[in-house]
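J.: Got a structure here, written out as structure tokens. Questions coming.
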Amino acid sequence: MLLPLIIAAQDFQGKAYYNSKSVMELGSFGATMSEAQKKQIQEQLKNRLEKTYILSFNKEESVFKEDEKIDAISGATDTWGKNFSPGEQYKNIKDKSLLQKQEFYGKQFLVKDALLSIDWQMGSETKQIGKYTCFKATARIPSYDLTWYDFSWNRLRNNNETKSDSIKGPEKEEEIQMTEVVAWYSPQIPVSQGPLEYWGLPGLILEVSYDKTTMLCSKIIINPEEKTKIKAPDKGKIVNKKEYQEIISGKMQEMRNNRGRPGVRRN
């Protein structure tokens, strides 16, 4: 009963820790591998498949970032993977704005855009996560909106085909790929926040599953003794999501074109 009074306090803060696990599908390539080989690849890619994130939040704002770990074997971080991973993210649910810091091959970007408009379908199914009772909510979200900071050769190929079609004739309508998202939120922590770009439910999102990834909250601290100043990142070239994806695609196309050319330095 006291919790809503605590939430209403002007200096209310919280910190949630999430463990993220992704499943890697090897496809037809995996059919030719032994179980030992598959396990070896899983271990080699553990830094990309298993991550820890921290969400610091108050009533209106949040900062979500990876708790980076050094590889125990190589003593290094996943440099290649960082180019296509979500950077430090700031959400403001009052003005529905997002600022996300991204680094791409040493260049700093500040992606500024609106928060996702998520049409949550809320149900009555419940489950317990730690000491919190959580309710289930589902949504279908355009896949691009969840992976704009990532890169795929298929997306680049589709973009090139679309440009080619536009030269030949009227642009054909592209089918929008959708991702099914399942979230579990707790009204016991009545803030409309969550990991990554997920938000908009009447309670903190403690678990979210999408595509082949699940994020589960492992620890929550309400009003920690050491206060965290929640502020938006402010360094980097300002672009929106579409512009950032165009920059990534252009750079990767350039790298592919330069591959193998004599006298051309590979980045």
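J.: Based on the mean of other Cβ atoms within 10 Å per residue, sort peptides 108-121, 187-200 so the most packed one is first. Before the final figure, lay out each step's value.
T.: Working: 108-121: 15.7, 187-200: 21.3.
Order by mean packing, descending: 187-200, 108-121.
J.: Taking the Kirkwood radius as the inverse of the mean 1/r across Cα pairs, report the Rg/Rh of the range 78-138.
T.: Here the Rg-to-Rh quotient is 1.14.
J.: Among the listed pairs LYS131/LYS242; LYS91/LYS131; LYS127/LYS229; LYS101/LYS127; LYS131/LYS235, which are separated by more than 29 Å between their Cα atoms?
T.: LYS131/LYS242; LYS127/LYS229; LYS101/LYS127; LYS131/LYS235
J.: Quick one: which residues, 5+ away or cross-chain, put their amide H under 5 Å from the amide H of GLN13? H built at 1.01 Å from N.
T.: Answer set, sorted by chain and number: ASN223.
J.: Taking other Cβ within 10 Å of each residue's Cβ, how do VAL23, VAL63 sort, fewest first?
T.: Ordered from fewest to most neighbouring Cβ atoms within 10 Å, VAL23, VAL63 come out as VAL23, VAL63.
J.: Report the gain in length on full extension from ASP95 to TYR17: 0.36 nm times residue separation, minus Cα-Cα distance, nm rounded to one decimal. Before the final figure, lay out each step's value.
T.: Details: separation 78, 0.36 × 78 = 28.08 nm, distance 2.50 nm.
25.6 nm is the gain from fully extending ASP95 to TYR17.
J.: While we're on this one: Calculate, for THR138 and GLU254, the FRET efficiency according to 1/(1 + (r/R0)^6) with r their C-beta to C-beta distance and R0 30 Å; round to the nearest 0.05.
T.: 0.15
Taken together, the values in this text are just the output of simple stated rules run on the coordinates, not laboratory data. Just so it is clear, the structure is predicted and the values come from calculations on it, not from any experiment. As a convention, Cβ positions derive from the backbone with ideal geometry for all residues, glycine included, and neighbour counts pool all protein chains shown.
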